[in-house]
Amino acid sequence: DGKPLGVTPRTLLVSPENEITAAELMSGSLLITGENATRANVNVLAGRYQVVTSSYLTSSSTWWLVANPADLPAMEVAFLNGVRVPTVEQAEADFNVLGVQMRGYFDFGVAKAESRGAYRMATA
């Protein structure tokens, strides 16, 4: 709608296939473009975004810019009864088994919070 958010992206989220390319873009001070380039250009993106890789992203032509969650969270996490750590239970094993039995569980949920907190870009 043409109204700026006033939020600066912090994270560049890419697929594993693009991890090296993204890291090179964010770390190099010079950027050489095109096959016939005779000189390098200053890389204005160097150090600007933190590169994060997710194995859940499978497209090599799609990447995301994500805002700082403190400014504009794209996702939110809720915990059952406010418990933010896993529950671990322990019990004695049967007499014919040396050791103890353990089980653990973690009650939480994740939901979309603010869609403007993440921007998806699909390239050709």
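Every test in (1) within 21 Å of the chain's Cα centre (by Cα); (2) surrounded by fewer than 13 Cβ atoms within 10 Å (Cβ to Cβ) is passed by Ala93 save one, and that test is (1). State all residues of the range 50-75 that are loosely packed, with under 13 Cβ neighbours inside 10 Å and of a type outside the set (S, T, N, Q); if no residue qualifies, say none. If the condition is that a residue be loosely packed, with under 13 Cβ neighbours inside 10 Å and of a type outside the set (S, T, N, Q), then Tyr56, Ala70 are the ones that fit.
Read-outs: derived from the displayed coordinates by stated rules, not from any lab. As the structure is a prediction and not an experimental result, all values here were calculated from the model. Heads up, the Cβs are rebuilt from the backbone with ideal geometry, glycines too, and the neighbour counts pull from every protein chain shown.
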